[in-house]
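Have a look at the structure below before the remarks.
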Amino acid sequence: MIGTLAAIIGFTTLVLAIIMDLLGVFDLYYLALLVVGFNLLQWLVAPYIINALYHVREADPTVHARLYYILKRLSLRAGLPTPKLMIADVPFPNAFAYGSPLTGNMVAVTQGLLDTLEDEEIEAVLGHELGHLKHRDVQVMTFLSMLPSLFYLIARASFYVGGDRREERGGGVALAGFIALLAYWILNLLILHFSRLREYYADEFSVSVAPSRREGARRLAEALAKIVYSTAELKRVRGFTSPPGFKALLIADPDSAVVDAKALRGGDWELVERVSSRELTLVDKLLELFSTHPNIVKRIRRLKAIAEGS
């Protein structure tokens, strides 16, 4: 993760230096301030938007006493202050960690997750979400999201440079716009790669705060398999469509759910075996490049290997 982050920042610095040279550093500083200000504002107000989109409310300590106990115990093991426990009133099974200085850290589980998973599997999912808080993934991803936005605005601005400026810089303005647009796409791919890495680290964190690594890996593997197949069932039977935006928050990408939901009829570990044995196609590998989450087969194979001690 450190290597990927260094590559993103290094690439950004290099391309900015080239563009500044081509454009003569016209209004780049103002653009940078605009991007930083917009993203900071988005970070501050995003929890309120998420709560509205996902119908999130604070969990009732009486109704969800068992859930409160699990989260508090895991937070103690993780060395973190206990975040606010939230319930998202949506049918698909998932969970997400989020927050800002205005709201504090929060962990939300959907009603669909509570209806689908057993307590030990919910504990594994909560451990994963605490991993995101421990690694400050919300803050890091907010910072990284500023960088493609900056280059996108530079590319747009290059098309509106005045005639005198365009003549003064020759073909530099058009070249700067092309480089900025190219940098925008490359940075998006790098940030998606970083996002997939953070999911692996959050999985590892969940395993590390379990009673044992093997047990933690088994629980999380079963939870992920059931989440994927339950989401697929919702799509097949009820025409479920994934929620708008914020996919990077979720523990599993609902748009990548496996279609064959009938596998839920097997036992929990049998389901894990079925998912992990699926062959990855070239299409799977290409789609993963544009996903915020690793391919679910690869994630479950890794957890299965830990659970089996290999």
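Filtered by the rule that a residue be polar (S, T, N, Q) and either free of Cβ contacts under 8 Å to residues at least 40 places away in the same chain or farther than 24 Å from PRO211 by Cα (or both), the range 79-133 gives THR82, SER100, THR103, ASN105, THR110, GLN111.
In the set LEU249, LEU303, only one residue is under 19 Å from the mean Cα position of the chain (by Cα), surrounded by 21 or more Cβ atoms within 10 Å (Cβ to Cβ), under 29 Å from THR142 (Cβ atoms) and modelled with pLDDT under 80; that residue is LEU249. Under 16 Å from ALA202 (Cβ atoms) and without any contact (Cβ under 8 Å) to a residue 60 or more places away in the chain: is that true of SER75 in this structure? Yes; evaluated as a whole, the condition is true for this residue. For the range 203-223, the criterion of being closer than 20 Å to ILE8 by Cβ, assigned to a helix (DSSP H, G or I), modelled with pLDDT of 90 or more and among the small types (Gly, Ala, Ser) is satisfied by no residue at all. When the range 1-21 is filtered for residues that are assigned to a helix (DSSP H, G or I) and modelled with pLDDT under 70, the ones remaining, listed by number, are MET20, ASP21. Within the range 177-224, the set of residues being among the aliphatic types (A, V, I, L, M), surrounded by 22 or more Cβ atoms within 10 Å (Cβ to Cβ) and under 21 Å from ALA97 (Cβ atoms) comprises ALA202, VAL207, VAL209, ALA217, LEU220, ALA221, ALA223, LEU224. Filtered by the rule that a residue be of a type in the set (D, E, K, R), assigned to a helix (DSSP H, G or I), surrounded by fewer than 24 Cβ atoms within 10 Å (Cβ to Cβ) and under 16 Å from the mean Cα position of the chain (by Cα), the range 96-148 gives LYS134, ASP137.
Within the range 36-53, the set of residues being more than 18 Å from ILE87 (Cβ to Cβ) and of a type in the set (A, V, I, L, M, F, W, C) comprises VAL36, PHE38, LEU40, LEU41, TRP43, LEU44, VAL45, ALA46.
All of (1) in a helix (DSSP H, G or I); (2) among the aliphatic types (A, V, I, L, M); (3) over 20 Å from the mean Cα position of the chain (by Cα) hold for ILE49 with one exception: (3). As for the range 280-297, it holds no residue that is at pLDDT below 85 and among the hydroxyl-bearing types (Ser, Thr, Tyr). Just to be sure, is TYR48 out of contact with any strand residue (DSSP E or B) (no Cβ under 6 Å at 6 or more places or on another chain), touching a residue at least 12 places away in the same chain (Cβ under 8 Å) and surrounded by fewer than 19 Cβ atoms within 10 Å (Cβ to Cβ)? Yes; evaluated as a whole, the condition is true for this residue. Residues in the range 57-83 that are surrounded by 15 or more Cβ atoms within 10 Å (Cβ to Cβ) and charged (D, E, K, R): 0 in all.
The values are calculated or read from the model by the stated rules, or taken from the named source; none is laboratory data. Everything quoted here is computed from the prediction, not taken from an experiment. Glycine gets a Cβ as well: all are built from the backbone with ideal geometry, and neighbour counts include every protein chain shown.
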